[in-house]
């Protein structure tokens, strides 16, 4: 079987958006499915990680076409810059309004027509069995939808994140007509796709109200996180966060609790160190300063995937943050599954009854504290700190094998083949 995968994010793109389909492509051939990847040719990705290029199988076909993105006109950075500040991408009110109201569903909409024409011509002489689109950006689904209708090819629409319920949409101050337009487009994709793929059971529940078939394949971890090298935890009581940290995930209560514990316990204050590895929003930095924690924090900045894994393994505690927004129960960040393999305790702040809580309980890897549950958060931090002082801070995570990328690809292959059974 052959599948055509339409994705905007592809190496050398860095960050979490590229990982899911790069890993699927890496393993699909082991399940007798040949992937053909269609992606953009001249992209100035906000973050780049050239090391990911070596994970692309040498024998697969990659189709590329130039893309025009209007947001590049207002970018102040040169191509290849790693300092765009994605975490602050919605900070400019006027530009955010333009982004959210003039380009529906997103600025990649201008790539839909030329991509359709190119791929329609390609399909005339190249047979594929299934088309797969992955978003965001959700314009990728519009390319696939048109190809699906014109060529009568089965279609899987993969939602790594929601569309109209995406947590940062409100920053765009979208007009009611634009909101309705987005909902109409989203509904058309959900209804017309032969299968909708998503990353959590809560998202599945929402999509199933419209789509006839919804399957869940979470994100996962791959072999590069499983090293035989013994990595010793930091000597300090390090709490490390790795990844994009936007203002919607700003853990104000977390910093407040740390400030209070530090003011009452000099040893805690001296032992505490927070590593923020990645793109951190200005609101988070201001919160740290306001709680007198600046001397306890290192802003590491964006690092390669391999370097990020090293920071995970060295941390005494891994901090996981869910955006404090509506319908946050279904958010499962990709970083979670790599955290599981680090064998370090996970301290998460998010909905206590969401999909994240379920995963942490079944893997025995950590705990979730509610956004406003100060008592529980304080207690959990003190418990972790006391174990650290005793030299007894570790976890024995279980049931994580099913989140390996190869196991997840096996499930994907089964779904793909079922469309022609």
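The values are calculated or read from the model by the stated rules, or taken from the named source; none is laboratory data. Every value quoted in this text rests on a predicted model; they were computed, and no experiment measured them. Note that we place each Cβ from the backbone using ideal geometry, even for glycine, and neighbour counts take in every protein chain shown.
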task = Inspect region 52-60 for any residue being in contact with a strand residue (DSSP E or B) (Cβ under 9 Å, 6 or more places away or on another chain), at pLDDT 95 or above, within 24 Å of residue 147 (Cα to Cα) and not assigned by TED's automatic domain parsing to the domain that holds residue 300 and give the result as yes or no.
result = yes
key: Residues located in region 342-360, provided they are out of contact with any strand residue (DSSP E or B) (no Cβ under 6 Å at 6 or more places or on another chain) and more than 20 Å from residue 217 (Cβ to Cβ)   = 342, 343, 351, 353
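To keep it simple, each residue is scored yes or no on (1) in contact (Cβ under 8 Å) with a residue 12 or more places away in the chain; (2) more than 24 Å from residue 238 (Cβ to Cβ); (3) out of contact with any helix residue (DSSP H, G or I) (no Cβ under 9 Å at 6 or more places or on another chain).
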{"position": "323", "(1), (2), (3)": "yes, no, no"}
{"position": "327", "(1), (2), (3)": "yes, yes, no"}
{"position": "344", "(1), (2), (3)": "yes, no, no"}
{"position": "350", "(1), (2), (3)": "yes, no, no"}
{"position": "366", "(1), (2), (3)": "yes, no, no"}
{"position": "388", "(1), (2), (3)": "yes, no, no"}
{"position": "396", "(1), (2), (3)": "yes, no, yes"}
{"position": "409", "(1), (2), (3)": "yes, yes, no"}
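Of the residues 175, 185, which is surrounded by fewer than 24 Cβ atoms within 10 Å (Cβ to Cβ) and modelled with pLDDT of 95 or more? Working first, answer last.
On the way: 175 fails: modelled with pLDDT of 95 or more.
After applying the criteria, what remains is 185.
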request  = Residue by residue through region 299-319, note down the ones that are in a strand (DSSP E or B) and either without any contact (Cβ under 8 Å) to a residue 24 or more places away in the chain or over 24 Å from residue 365 (Cβ atoms) (or both).
outcome  = 299
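In the set 379, 414, which member is surrounded by fewer than 16 Cβ atoms within 10 Å (Cβ to Cβ) and not assigned by TED's automatic domain parsing to the domain that holds residue 250?
On the way: 379 fails: not assigned by TED's automatic domain parsing to the domain that holds residue 250.
Just one listed residue meets the conditions, 414.
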ask   = How many residues are out of contact with any helix residue (DSSP H, G or I) (no Cβ under 6 Å at 6 or more places or on another chain) and under 19 Å from residue 252 (Cβ atoms) when one looks only at region 296-319?
value = 3
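Run down 339, 385 and say which single residue is assigned to a helix (DSSP H, G or I), touching a strand residue (DSSP E or B) at 6+ places or on another chain (Cβ under 7 Å), under 18 Å from residue 312 (Cα atoms) and modelled with pLDDT of 95 or more.
Numbers: 339 fails: modelled with pLDDT of 95 or more.
Step by step, each of 339, 385 is checked, and only 385 is assigned to a helix (DSSP H, G or I), touching a strand residue (DSSP E or B) at 6+ places or on another chain (Cβ under 7 Å), under 18 Å from residue 312 (Cα atoms) and modelled with pLDDT of 95 or more.
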